[in-house]
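Report on the structure given below.
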Amino acid sequence: MNLKIKRIVKIIVVLIFFTNEVFAQFSGFALYNRQGNTTTYLIDENENIAHTWNLSTECNYTVLLKDNGNIVRGTKNNIQTGGTNNSLGGAADAGRVQEIDPNGNVVWDFIYSSSSVLSHHDICLIGDNVLLTAWEVKSQAELINAGFTGNVSNSGKWPTHFVEIEGNPNTGTAQIVWEWHIWDHLCQDVDPNKPNYVNDISDHPELIDINMIQNSGGGPGGGGGDWFHVNGVDYNPDLDQIAFSSRFSSEIYIIDHSTTTAEAASHTGGNSGMGGDILYRWGNPANYGMAGQRVIPNAVHDVRWIKDDGRPFGGHLQIFNNSGGGNNQSTVDAILTPVNGYTYFRNPGQPYGPSSYTSRYFCQYSAPGQSASDRMSNGNIFVNASGGQGGAGVMYEVDSLNNIIWGPYNAQSQKAFRYECDHLGIQVLKDYMNTSSTSCFNASSIEELNNPIRFYHHNSLIKCENINEIAVELMIFSSDGRVVYKSKDSKSNISTKFIRKGLYYIKYKFRDRQFIQKLVI
C-alpha cells in the first residue's frame with residue numbers, strides 16, 4: 001500500500017471514529033404532551049419514562065421546561081378543569097397557561113380567555129416570563145373601515161397578538177407586562193381615505209398588507225376567522241427579539257421586544273428604532289409585493305433561533321417547512337439572516353435575503369401540520385413530526401449524515417423538545433426521576449465532582465470556597481423549583497435568615513461553563 005492510499009485510509013478511519021464518538025450517542029431527555037392529554041412525559045435516551053406530571057387539564061399544544069425544574073404548559077380552559085368554557089374556539093385553542101412544579105403542584109395559573117381574546121397554539125419563555133400567542137376579535141365593520149376587501153363573516157376576523165405574562169407564585173396567578181398586536185402594523189393600498197394607506201405595498205415591508213390573505217382556511221368564527229394562523233414563536237435574548245411563523249401567509253417574521261407596550265403599538269422606539277414594525281420577514285416575498293423565490297410553499301411551523309454557543313449553524317433561524325421538499329415532503333430549513341445590529345439588511349427594491357435556505361434536511365418522517373425541530377449542541381437535528389392530518393406522529397434525532405440515531409418514538413405530540421444533560425432544569429429534576437436507565441448524571445455531565453468551588457452553610461450564611469472569578473449569574477432553587485435567590489456576585493456571603501430549611505440547588509454560571517451543587521440548609 002503506497003503512502004497516498006495509507007493517508008486516505010487513515011483519514012477515513014479517523015472520520016468514522018469521530019462520527020461515532022460525536023454523533024452516535026443520544027444524551028438527555030425529551031419532554032412532550034399529546035394534545036388533549038392530561039399527562040406530560042419526560043423520557044430518557046433509552047425511551048424509558050423518567051418522570052410524569054399527571055395533571056387535571058388538557059394540554060393544548062406546547063410544554064416547556066424552565067431552569068428551575070418547573071414546566072410551563074399551555075392548556076384548555078374548559079369545564080373539565082373547573083373553569084368555564086372558552087367563548088371563542090379554534091385550532092389548538094387554549095385560554096390558559098400554568099407553571100407546574102416537579103410534584104405536579106400548580107405554581108401559578110393564568111386565564112386568557114374572553115369573548116374578545118383567546119390564547120392558542122404556541123408559548124415561549126422570555127427569562128422567567130411566558131409569551132402567549134393569542135387571537136383578538138375584529139368586527140366586520142372594523143375590517144372594512146381598515147381597508148380589507150375580502151369576504152368577512154358576521155363574526156369578523158381574528159388577527160394575532162402576543163402577551164407577555166409574569167407569573168407570581170405568591171398570588172398563584174400572573175399579570176400582563178407587555179403586548180404586541182399585528183393590527184397596529186397593517187397597511188393597505190386600496191383606499192387613500194382609510195387608515196394606513198400606502199401608495200405601494202412593496203415600499204413598506206415593515207408593515208403587513210391587510211389584504212395579503214384573502215381567504216384563510218377554516219379556523220374560528222364560523223370559518224376563515226383564524227386570519228394568519230400564527231403557530232410558532234421564539235425569543236432571542238441576545239437580540240431581545242421575537243420570531244414567529246404564520247401558516248396562512250407561508251412566512252416567518254421578526255419583531256423588536258425591547259420596546260414598551262406603547263412603542264410596540266407604534267413605528268418608533270426600541271433597540272431597532274422601528275417600534276413594533278416588522279424587522280425581518282422571509283419565505284414568501286409576494287406578501288409584500290416583491291418578486292423572488294417562494295421558499296415556503298405552504299405551511300410552516302416552529303420558527304426558532306439555533307442557540308449561538310459554538311454549535312453548528314448557531315445563530316441561524318430554523319423552521320419546520322411542512323412541504324418544503326414538495327409532495328408532502330417536510331424539511332427542516334436553516335437560514336442565516338442578514339442581521340445588521342438590531343435591524344436587518346435589505347437591498348433596495350429587493351426582498352429580504354437569503355434567496356434560499358442555508359441548510360436543508362429532508363425529513364425521514366413528515367407531517368402536514370404542527371411539528372417542531374431543534375439543533376443539538378453536537379449539530380444533530382431533533383425532529384417532532386406531529387400526528388393528525390396524515391402526519392407521522394413520531395419524534396427522532398439524526399446525525400450529520402442523516403442517520404437516525406434515536407427513535408422514531410411514537411409520541412403523537414404536536415410539539416416536543418430535547419433537553420440535554422447539562423440543562424439546569426434537568427439537573428434540578430434529577431431527584432424526581434427514575435434515573436436507572438440514563439447516563440446523564442455522572443460526574444462529567446454535572447461537572448460537580450471535578451469542580452473545586454464549594455458552597456457550604458454555616459452560622460446562617462451560605463459561604464463559598466475557591467472562587468477566583470465572579471459568576472455571570474448565581475441562583476438558588478428550592479427542591480420544588482422555586483427561585484429563592486438570584487445575584488451576579490458569587491463572592492459575597494448569602495444570608496439564609498429568609499430561606500427555610502430544606503434541600504436547595506445552587507447554580508453558578510461563568511461565561512464558558514456552569515455548575516450545579518446541592519446544599520442542605
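The values are calculated or read from the model by the stated rules, or taken from the named source; none is laboratory data. Because the structure is a prediction, the values reported are computed rather than measured. Glycine also receives a Cβ, built like all others from the backbone with ideal geometry; neighbour counts cover every protein chain displayed.
For THR160, the criteria (1) surrounded by fewer than 21 Cβ atoms within 10 Å (Cβ to Cβ); (2) under 23 Å from ASN231 (Cβ atoms); (3) within 23 Å of the chain's Cα centre (by Cα) hold in every case but one, which is (1).
Taken over segment 249-301, the residue count meeting the criterion of being in contact (Cβ under 8 Å) with a residue 60 or more places away in the chain, of a type in the set (Ser, Thr, Tyr) and on the phi > 0 side of the Ramachandran plot is 0. Taking residues in segment 92-106 that are over 20 Å from HIS120 (Cα atoms) and touching a residue at least 24 places away in the same chain (Cβ under 8 Å), and partners anywhere that are assigned to a loop (DSSP other than H, G, I, E, B) and of a type in the set (A, V, I, L, M, F, W, C), the pairs with Cβ atoms closer than 8 Å and at least 6 places apart or on different chains are GLY104/LEU55. Would you confirm, using the coordinates I've provided, whether PHE110 is in contact (Cβ under 8 Å) with a residue 24 or more places away in the chain, in a loop (DSSP other than H, G, I, E, B) and assigned by TED's automatic domain parsing to the domain that holds ALA372? So PHE110 does not fit the description; no. Restricting attention to segment 341-364, the residues that are within 20 Å of GLU251 (Cβ to Cβ) and more than 22 Å from the chain's Cα centre (by Cα) total 11. So, in segment 82-141, of the ones that are surrounded by 20 or more Cβ atoms within 10 Å (Cβ to Cβ), small (Gly, Ala, Ser) and more than 17 Å from the chain's Cα centre (by Cα), which residue ends up nearest to ASN60 (Cα to Cα)? Filtering first and then ranking leaves GLY95.
Scanning segment 476-507 for residues that are surrounded by 16 or more Cβ atoms within 10 Å (Cβ to Cβ) and modelled with pLDDT of 75 or more returns ILE476, PHE477, VAL483, VAL484, TYR485, ILE494, THR496, ILE499, TYR504, TYR505, ILE506, LYS507.
For segment 334-343, filtering for residues that are small (Gly, Ala, Ser) and either assigned to a loop (DSSP other than H, G, I, E, B) or modelled with pLDDT under 95 (or both) leaves 1. Candidates in segment 299-346 are the residues that are surrounded by fewer than 17 Cβ atoms within 10 Å (Cβ to Cβ) and of a type in the set (Phe, Trp, Tyr); of these, the one that is nearest to MET274 (Cα to Cα) is TYR342. Among the candidates ASN151, ASN196, ASN145, the residue that is buried (at least 17 other Cβ atoms within 10 Å of the Cβ), in contact (Cβ under 8 Å) with a residue 24 or more places away in the chain and among the polar types (S, T, N, Q) is uniquely ASN196.
Would you say HIS423 is modelled with pLDDT under 95 and in contact with a strand residue (DSSP E or B) (Cβ under 8 Å, 6 or more places away or on another chain)? Yes, satisfied.
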